[in-house]
């Protein structure tokens, strides 16, 4: 009796104790916007990783020299008030007078040099520096002027200096505390300061009164990690978060019908493709499949695949996407939307009869096409990879292929197939869609784990793109480049993913950025 | 008693050594973390560079020696993702998981023991049937589903409780209830069967025949003697709570060790996975030792051996 009573009393004490220990949320009159982030969120040292969804958040906290305009049209000043090309290989940046980091350290030319020098050299495990290999030297002209010299004319200079790793960190503070210390207590120079950090859980940012371009309108922005999309939806409906991205298809109607919540959509800056095996040397393939000759080595087979796929239907199966033929998002001029994103052009590309003709040209009798081993991630970035792959497999079987589809969970797919270089015939993959680095990926110097292509003519066009500053001239080179891309059919582009977001429009006004970044520098309070 | 603790300490050391080896090997066999960490477009050279940086190009035995030598001092290495010591990340989260497990255990015990006793006393009655049905339901309900249902009811419709996080005291109620319900279901079944067995014993009949009141017979004579199997199951359930918290923490975005483990496993952040599994194992072993001590306190016939 006594023991049982003690056990129950102890249990109640434990429960009450637990209730009392958990910290209480701050209650004040500040405007507060909570964004449901699917996580995980990586470290605050912005130079040490590539992960896009963490950089969304970091952009709230750090300034770059310049950054991509929200509407996708050009660049906007941040730490640099203005900038110009001095000549083909030198860019000059004029910094803002009196600008500081959150700790008071000056954002001057020396700080800029320290940052770019840091990011263009190896830091830890993530070799971000290769993206910055175009920089030859950073020269401090005076306290507020800095020159960046490139090795050769660099067509995507502005794009690259405003990409991952562009974030400015305070040199003196960083050197004092080291990388670990900095990740625990970072310091930036962006419009928001960091009020609270709970690693990979909750990041609370507060508007900085001293920001050079004025205090942001919303007082507090919180990135709250909520891994489960269904829990994000519930939190949004409960009024406990204000925005989520990647709204699952079944929840869209519910959210749209909810008071004060609206759905927004914009390119997710993500495209889904099929990778076809075009060689037997790259990655782990030679060890894993020593005697296997992929059918996709035959160009006719690859062309049969590309014409067998109804991209519009695949996009519909995905739930939020548009069929595409080229691997650059449609809002970039390099994506040639009228040619490769046009609905009719994409519809016409689907031609099962032509696919059968290509199979016949490859030596296969009608209905007796080769077996394709097809690997896919169950979800993939942007979702629905399994369902899309199943429908794609049915389309391929319809023209005569036999398809052996294997679905794996995301991490197994990465480890066993996509990043190990074990793509046997075909695999489904989701990739970003910017133009700047793309030509490099298919060049003779680039050896991906899943393909190795060296077409000297294509390579020469890629090289020319990289050094051609004039946009019109560059676009005509891109037209040639795309012809090779389509003809090679190693990467068979399927569709561009649309990000469907849900926002508390009762309280906030947000226009999605063209580049798909969920960063809230421009967030406004709704007109009441 | 001293001998008991020394022998248990020796067992603990041996068990933890075996756990460390198993954890190390399983984590390595599950795949190359570099392949998860590297961006999609990385070249083979860049991937090799990352592998060298993290020491995965070294022989497995050498990697284990380095791991165990550091682990003894509490250094499980640096998280590949957070770029901070793995143990530091674990310690930050451990308190939340313990807090959740304690609250869930409290809910579980508070519900299970009265219901189990009542069910045994009213054997084969409507009350027994209802309690049995509820226990079966509690056992069968996936915690993921139950958690979401609670969020929909109490956060979305009633707006009484927060849907996520650990920002205010009441935030613990739903995750603890989700975990506690499963525990209560299993524990109440065990309480019922242990009580039924004890209630049929001679000494209970003797107590009744002596004219003692029903509640004194039940609580002082029967329940006390039924507690040994109940405590055993309670100990096992505590271990289950730690494992179950992995799912519940994800549903409720509770910043505990379970969620850290899920994130780390998904991206093969081996240093954190190793440190986390080590802690789970250590906690589980210590709970079992505590249960052993509790046996002795409950039943004086059991001696420290």
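What follows is calculated from the coordinates using simple rules that are stated; it is not laboratory data. Computed from a prediction, not measured in an experiment: that's the story for all the values here. Cβ sites come from the backbone with ideal geometry, for glycine too, and all protein chains shown count toward neighbours.
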**Prompt:** Just B:55, B:182, B:256 to compare: in a GNM of chain B, with alpha carbon springs under 10 Å, which one fluctuates most?
**Reply:** B:55
**Fill in**
Compactness summary of chain A: radius of gyration and Dmax from Cα atoms, Å, are 25.6, 89
**Asked** If one takes the longest principal axis of the Cα atoms in chain B, at what angle in degrees, from 0 to 90 and to the nearest 10, does the Cα axis of helix B:270-298 lie?
**Response** 20 degrees
**Item:** Rounded FRET efficiency, nearest 0.05, which uses the C-beta distance separating residue A:140 from residue B:75 and R0 of 56 Å
**Value:** 0.90
**Request:** Run the numbers on chain A and let me know its relative contact order in percent, using alpha-carbon pairs under 8 Å that are six or more apart.
**Result:** 19 percent
**Prompt:** Between residue B:122 and residue B:98, what length comes free when the chain is fully extended (0.36 nm per residue of separation minus the Cα-Cα distance, one decimal in nm)?
**Reply:** 5.1 nm
**Prompt:** Rounded to the nearest 0.05, what FRET efficiency do residue B:62 and residue B:130 have when you use their Cβ-Cβ distance and R0 = 51 Å?
**Reply:** 0.25
**Message:** Let me confirm one metric for peptide B:104-111, namely the mean number of other chain beta-carbon atoms within 10 Å of its residues' beta-carbons.
**Reply:** 5
**Asked** Expressed as cubic angstrom per residue, what is the convex hull volume of the alpha carbon set of chain B?
**Response** 166 Å³
**Item:** Alpha carbon Rg of segment A:63-189, scaled by the compact-globule rule 2.2 N^0.38 Å
**Value:** 1.02
**Asked** In degrees from 0 to 90, rounded to the nearest 10, what is the angle of the helix B:86-121 Cα long axis to the longest principal axis of chain B?
**Response** 20 degrees
**Request:** Could you state the angle between the C-alpha long axis of helix B:224-251 and the longest principal axis of the C-alpha atoms of chain B, as a value from 0 to 90 degrees rounded to the nearest 10?
**Result:** 40 degrees
**Item:** Over chain A: helical MRE at 222 nm, DSSP H runs n ≥ 4 each giving -39500 (n - 2.57), nearest 500
**Value:** -9500 deg cm²/dmol
**Message:** What does the structure give for A:391-398 when I average, per residue, the other chain Cβ atoms found within 10 Å of the residue Cβ?
**Reply:** 0
**Prompt:** At residue A:209 and residue B:48, where each label point lies 7 Å from the Cα along Cα→Cβ, what is the point-to-point distance in nanometres?
**Reply:** 5.6 nm
**Item:** residue A:32/residue A:103 FRET efficiency (R0 25 Å; Cβ-Cβ; nearest 0.05)
**Value:** 0.55
**Request:** Using a 10 angstrom cutoff on alpha carbons, build the Gaussian network for chain B and name the most mobile of B:183, B:16, B:261.
**Result:** B:16
**Request:** Considering Cα pairs under 8 angstrom that are at least six residues apart, work out the relative contact order of segment A:392-528 and quote it in whole percent.
**Result:** 12 percent
**Request:** Between the alpha-carbon centers of segment B:1-28 and segment A:428-448, tell me the distance in whole angstrom.
**Result:** 49 Å
**Item:** Theoretical gain in end-to-end length, residue A:185 to residue A:291 [0.36 nm per residue, Cα-Cα removed]
**Value:** 32.8 nm
**Prompt:** So how much slack lies between residue A:264 and residue A:368, counting 0.36 nm per residue of separation and subtracting their Cα-Cα distance, in nm?
**Reply:** 32.9 nm
**Value of relative contact order over segment A:63-189, rounded to a whole percent, pairs C-alpha under 8 Å and six or more apart** = 29 percent
**Prompt:** Taking the Cα centre of each part, how many Å lie between segment B:73-115 and segment A:64-107?
**Reply:** 44 Å
**Prompt:** In the Gaussian network model of chain B, springs joining C-alpha atoms below 10 Å, which of B:207, B:166, B:184 carries the largest mean-square fluctuation?
**Reply:** B:207
**Complete:** For segment B:94-267, the percent of all C-alpha pairs falling in each 5 Å bin, from 0 up to the bin holding the max distance, is 1, 9, 16, 17, 16, 13, 10, 8, 5, 3, 2, 0, 0, 0
**Request:** Send over the per residue convex hull volume for segment A:267-498, Cα only, as a whole number of Å³.
**Result:** 109 Å³
**Complete:** The simple spin-label model distance between residue B:193 and residue A:454, using points 7 Å out along Cα→Cβ, in nm, is 6.9 nm
**Item:** Binned Cα-Cα distance frequencies in segment A:434-474 - 5 Å width, integer %
**Value:** 5, 25, 30, 22, 11, 5, 1
**Prompt:** In nm, to one decimal, how far is the modelled label at residue B:5 from the one at residue A:467, with both set 7 Å along Cα→Cβ?
**Reply:** 7.7 nm
**Request:** For segment A:400-528, state the semi-axes of the equivalent ellipsoid (square roots of 5 times the eigenvalues of the alpha-carbon gyration tensor), sorted largest first and rounded to whole angstrom.
**Result:** 34, 26, 13
**Item:** Long-range tail of P(r) for segment A:222-337 (Cα pairs > 21 Å, %)
**Value:** 60 percent
